[in-house]
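Presented below is the structure to which this report refers.
The values are calculated or read from the model by the stated rules, or taken from the named source; none is laboratory data. Predicted, not measured: the structure shown is a model, and the values here were computed from it. Cβ coordinates were reconstructed from backbone atoms using ideal geometry, including for glycine residues, and neighbour counts include every protein chain displayed. Please note that ligands, DNA and RNA were not included when accessible areas were found on the heavy atoms of the full protein model with its side chains. Shrake-Rupley method; radii C 1.70, N 1.55, O 1.52, S 1.80 Å.
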Amino acid sequence: MFEINGNTKICGLLGYPISHTKSPQLHNKWIRQYNKNGVYIPFQMCHLDKSFFDFLRFNDNILGLNVTIPYKQEVIEFLDDISEEVNYIKAVNTILKKEGKLIGYNTDYKGFVKPLFDLGFKSGNILLIGAGGASYAVYYSLINFLKIEHLFLINRTREKAEILASSFNFGNVSIIDKISQDLLNSCSLIINTTSLGMGKLADKMPFDLFGCENLCFTDKQIVYDLIYNPAETLLLKKAKQDGAKVINGMPMLIEQAKYSFEIWFGVYPDE
Ligand code: ATR
């Protein structure tokens, strides 16, 4: 049970819709575990306006917020400052209130790389599929934490891949239009950031899109799909069949939450 009093710090999740979010369960568990005087609650808002952010600024109990779809980019204009990574990633998933000012952070990029470190991945050629919002945090993470020999980037809309690549100061990148078996064999890490494999696209593999249906993985490769629902996409199923190591989006989801908790409460939950 929570003991709420006048000093209880409030944090929560801003997004729409968020009725199925598991974030309150996670954060409230850590709040109890680490004996913090806090509570994490959902803020489901169908649009953003300045008055909500003024409420956050002027309410002394507000500690910060997580931000999710569809507001990760839009929220930036309502904040007082952003941390360095947000300049590159162009999305905020964590807000901290410091001396009355709302500061935007992004912890997705740290959450992304943690499962790769856990598998001992450090360097090699990488194939990145997708150039949407999520791929910016992935790209930032790859070039900052790993030793990339070469990065191959492919996306349905080539122009978006070009914009993604030009947003970062990293030279060893090629934008490709087709994935050959030789190119795939040369990559030790394959990442999917597209929505192919979830929701209405659950019966799709990212490879189908680029006319590369018959590609095979090897047992030397790691295949990382940012999708966590379903837990095993067609891409991961195929990768597993071929003997590759696989990572879905769940560890990243939990890790980004841990880093947010650390920003607010100064403790990285060690589970
Ligand atoms: P997110 O913020 O989750 O990354 P997004 O910004 O909408 O979402 O990006 C979705 C990614 O999935 C993009 O790479 C998108 O390709 P485009 O840039 O060409 O739009 C890709 N994607 C979504 N639906 C797709 C589809 N039906 N076929 C191929 N790619 C698709």
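If you go through region 249-271 and keep only what is free of Cβ contacts under 8 Å to residues at least 24 places away in the same chain and not hydroxyl-bearing (Ser, Thr, Tyr), you end up with Met250, Glu262, Gly266, Asp270, Glu271. For the structure I just gave you, tell me whether Ala244 is outside the structural domain of Tyr34 (by TED's automatic domain parsing) and within 15 Å of Pro115 (Cβ to Cβ). So Ala244 passes the test. For region 193-213, indicate whether the set of residues that are open to solvent by less than 60 Å² (accessible area, probe 1.4 Å) and of a type in the set (Phe, Trp, Tyr) is non-empty. Yes, some residue in region 193-213 is open to solvent by less than 60 Å² (accessible area, probe 1.4 Å) and of a type in the set (Phe, Trp, Tyr).
Scanning region 152-161 for residues that are open to solvent by less than 80 Å² (accessible area, probe 1.4 Å) and either more than 19 Å from the chain's Cα centre (by Cα) or on the phi > 0 side of the Ramachandran plot (or both) returns Phe152, Thr157. Inside region 80-107, residues that are part of a loop (DSSP other than H, G, I, E, B) and either touching a Ser or Thr at 6+ places or on another chain (Cβ under 7 Å) or not charged (D, E, K, R) (or both) make up a count of 7.
Applying the condition of being closer than 24 Å to Gly38 by Cα and among the β-branched types (Val, Ile, Thr) to region 83-101 and asking which residue is nearest to the ligand (Cβ to nearest atom) yields Val92.
The requirement of being part of a helix (DSSP H, G or I), touching a residue at least 12 places away in the same chain (Cβ under 8 Å) and more than 18 Å from Lys90 (Cβ to Cβ) is not satisfied by Leu151.
Surrounded by 15 or more Cβ atoms within 10 Å (Cβ to Cβ), within 16 Å of the ligand (Cβ to nearest atom), free of Cβ contacts under 8 Å to residues at least 24 places away in the same chain and farther than 18 Å from Gly111 by Cα: which single residue out of Ile179, Ile175 fits that description?
Numbers: Ile179 fails: free of Cβ contacts under 8 Å to residues at least 24 places away in the same chain.
Criteria check complete, one pass: Ile175.
For region 197-207, filtering for residues that are touching a helix residue (DSSP H, G or I) at 6+ places or on another chain (Cβ under 9 Å) and either more than 16 Å from Gly249 (Cβ to Cβ) or at pLDDT below 95 (or both) leaves 5.
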